[in-house]
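The next block holds one structure in the form of structure tokens; read it before the comments.
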Amino acid sequence: MSKPQGITVLGATGSVGCNTLDVISRHPERYRVVALTAHRQLDKLFEQACRFRPEYLVVADEASALALQARLASSGVVAEVLHGPEALIQVATLPQVDAVMAAIVGSAGLPSALAAACAGKRILLANKESLVVAGRLFMDAVRAGGAQLLPVDSEHSAIFQSLPADYAGDPDASGIRNIILTASGGPFRSRSAQEMLNVTPEDACRHPNWSMGRKISVDSATLMNKGLEVIEARWLFNVAPSRIQVAVHPQSVIHSMVQYKDGSVLAQLGSPDMRTPIACALAWPERIEAGVESLDFFSLSDLSFEKPDLQRFPCLRLAFDALETGGDAPAVLNAANEAAVAAFLDGRLRFVDIAKVVEETMAGVSAAASDTLEALLAKDAEARRFAEGRVAAC
Ligand SMILES: NC(=O)c1ccc[n+]([C@@H]2O[C@H](COP(=O)([O-])OP(=O)(O)OC[C@H]3O[C@@H](n4cnc5c(N)ncnc54)[C@H](OP(=O)(O)O)[C@@H]3O)[C@@H](O)[C@H]2O)c1
């Protein structure tokens, strides 16, 4: 039997991170955890360290690192505890690491995912913001570094599985007409604009089908998540925005589809459980047990589809606009959205004003293209400052 693969889980304490460790725990002969990273949830990271015994742990700052080190010492767990953004890059590029699960939320996940790409790792990409902010730079780094990029977002995993095995980024050569991203429609799918005026963070985070972190849950409620996924799909599969469609499919059974020129449509179906796309990316091209029940077709009700309503959910339109504008527009959209969603979750902004803040920021911050990570991060910071100003004015 071959040696277990070394895995770094960036964002181990989050929803995707925990699901990743659940899948890994089912296959100790295949995977060995080398590093786990967290930001603020030290108790959870400590428990994970006791269970998976990684060589490295990363936390946000020195005080957290010292506190964690003390707890580990008194429990007899041996691990090197690092802190800060540079440490995330360090554990994403260690020579003993074969695969990196990129599951930090937001553009904070970009530098470490990009470093893994440059180092030629197998990247299991949950952090869609990396491709939204730095699509061209990221894809160039994957090619130059000889990395393998495997999508973890369930929609992109579905498309990846529905494309020809030898798909090389040329939709016409592969006979592809369109790709269709499905969307659950989120918790407010059937609410009027008026009914969305006073929704709370708790309402927005109560997703009908998926259990996820708070930021992506709000993004699902505004449909910005689908917009970010459209941008992610453009880069992952090299498909023009005009060939990416969104279909609201409230049952979340079909995770996305590829429509071919001969009229065929290939889709991937499954229960709404992130362990399926995580296991798919971890083991690809093999298939492994993920702890997920098979779909029971006889208990499924109907499978229905609707067009997204861009009037009630303008964030999806803004994402298409950002793609069309090009340059740094998607990075500006993303930064404004992160600032606006954080303000909504803190009770400083109404749900319906998230789109307003994003739109005003896109109008106020230059979309001129940045071609280095540093320039992109500076643009991200500028757009956040601008968006904070708009939040204060709302
Ligand atoms: N959840 C899903 O089902 C799902 C599905 C598809 C794609 N995704 C994507 O996967 C990513 C993670 O989503 P999630 O739902 O798992 O998020 P989450 O539950 O909020 O977890 C985020 C993780 O990132 C860490 N983190 C937060 N801010 C950080 C920072 N500034 N520096 C370093 N680490 C930081 C958190 O640490 P602490 O918890 O310790 O603070 C946590 O480990 C997102 O990009 C999301 O769009 C998620």
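Quick note: the coordinates plus some simple rules give every number you see, no bench work behind them. All of these numbers come straight from a predicted model, not from anything done at the bench. Cβ: placed from backbone, ideal geometry, glycine included. Neighbour counts: every protein chain shown.
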Could you let me know the centre-to-centre spacing of region 1-27 and region 334-380, using Cα atoms, in angstrom? 31
Among Gly109, Val78, Pro28, pick out the residue whose Cα is farthest towards the positive end of the charge dipole of region 5-151, where Lys and Arg carry +1 and Asp and Glu carry -1 on C-beta, about the Cα centre. Pro28
What percent of all Cα-Cα pairs in the chain falls into each 20 Å bin, going from 0 up to the bin containing the maximum distance? 28, 60, 12, 0
Bounding extents of region 279-394 in its principal axis frame from Cα atoms, largest first in Å, are 52, 34, 30
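Placing +1 at every Lys and Arg Cβ and -1 at every Asp and Glu Cβ, with all other atoms neutral, what dipole size does the chain have around its Cα centre, in debye to the nearest 20?
So the dipole magnitude of the chain works out to roughly 240 debye.
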Tell me the trypsin sites (Lys or Arg not before Pro) within region 198-232 that lie in a loop according to DSSP and have at most 16 other beta-carbon atoms within 10 Å. Arg206
Once both labels are modelled 7 Å past Cα along the beta-carbon direction, what's the Asp371-Arg177 spacing in nm? 3.9
Compute the distance in nm between two label points, each set 7 Å from the Cα along the Cα-to-Cβ direction, one at Asp61 and one at Ala378. 2.6
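Roughly how many debye, to the nearest 20, is the charge dipole of region 69-189 about its Cα centre, given +1 on each Lys and Arg Cβ, -1 on each Asp and Glu Cβ, and no other charges?
Roughly 200 debye for region 69-189.
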Under Stokes-Einstein, region 216-337 at 4 °C and 1.567 mPa s, with its Kirkwood radius over C-alpha pairs, diffuses with a coefficient in µm²/s of 79
Taking 8 Å as the Cα distance limit and 6 or more residues as the minimum spacing, I'd like the relative contact order of region 5-151 as a percentage. 22
Over region 5-151, with a single point scatterer placed on each C-alpha, what log10 of the ratio I(q)/I(0) does the Debye formula yield at q = 0.11, 0.14 1/Å? -0.36, -0.59
Computed over region 211-267, Kirkwood Rh from alpha-carbon pairs, angstrom: 12.9
Euclidean distance of C-alpha centroids, region 219-239 and region 261-282, integer Å: 16
Can you tell me the FRET efficiency between Ser211 and Glu47 if r is taken as the Cβ-Cβ distance and R0 is 22 Å, rounded to the nearest 0.05? 0.70
Structure-based [θ]222 nm, the chain - -39500 (n - 2.57) summed over DSSP H runs of at least 4, per residue, nearest 500: -14000 deg cm²/dmol
Taking Rh as the Kirkwood radius computed over C-alpha pairs, what is the Stokes-Einstein D of region 84-136 at 20 °C in a medium of viscosity 1.002 mPa s, expressed in µm² per second? 199
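Name the longest site-free stretch of the chain, where the excluded sites are GluC sites (Glu not before Pro) in a DSSP loop with no more than 10 other beta-carbon atoms within 10 Å.
No qualifying site falls inside 30-285, the longest such stretch.
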In region 284-319, whose amide N lies under 19 Å from the spot 7 Å out along Cα-to-Cβ of Ser192? List them in ranges. 309-314
Using Cα-Cα distances under 8 Å and only pairs 6 or more residues apart, what relative contact order does region 256-364 have, in percent? 15
Extension gain, Gln251 back to Gln69 (0.36 nm per residue minus Cα-Cα distance, nm): 61.0 nm
Here, Gln96 and Phe297, labelled 7 Å along Cα→Cβ, have an inter-label distance in nm of 4.7
